[in-house]
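A.B. asks: Quick one: the structure is below, and I'll ask about it shortly.
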Amino acid sequence: MPRLASLTVAVLLTAASAVAGCGGKTKHDIYMEGLKIEGDAERGVCKLHFGDGQMMQALSGDRLQDCLRATDDALELYDKAAEMGLEDADFKKVHARAKDRKAKLEGMLSQVRSMERDQKPPTM
């Protein structure tokens, strides 16, 4: 019986140190934080807006940069959750989608920045 008690204590200590090492957050908590950042970004900086009376969406490099930053923040949390062992199928889809979004945003940002530079009048 003492051996079972010491084994139980060892398991509890290991679990406690794993949780303490992550600031008390589980891999699911971290995943949820990433989802919140992504959701806030989709409703905020990543949401495309139509200008007054315009039929096209207005994009700016600054807005895309903010969206990319939020996507990076969420992706960082997803990477951390994956490192902690989160392997759920929905998580894997979300993680892959965030990686794809980041790549697309980087391409869009590069293109928009190039167009913004070309539109600026020459300085004297």
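Each reported figure results from applying straightforward, stated rules to the coordinates on display, with no laboratory input. Model, not experiment: these values are computed from the prediction. Because the Cβ atoms are built from the backbone with ideal geometry, glycine has one as well, and the counts that use them run over all protein chains shown.
A.B. asks: Separation between the Gln119 and Glu87 pseudo-spin-labels, each 7 Å from Cα along Cα→Cβ, expressed in nm?
C.D. replies: 4.8
A.B. asks: If Lys and Arg each add +1 and Asp and Glu each add -1, what is the summed charge of the other residues whose beta carbon sits under 13 Å from the beta carbon of Asp62?
C.D. replies: +1
A.B. asks: Could you tell me which residue out of Leu75, Ala41, Val112 lies farthest along the dipole of region 24-119 toward its positive end? Charges go on the beta carbon: Lys and Arg +1, Asp and Glu -1, centred on the Cα centre.
C.D. replies: With unit charges placed on the Cβ atoms, the residue in question is Val112.
A.B. asks: List the GluC sites (Glu not before Pro) within region 62-117 that DSSP assigns to loop and that have no more than 16 neighbouring Cβ atoms inside 10 Å.
C.D. replies: Qualifying residues, ordered by number: Glu87.
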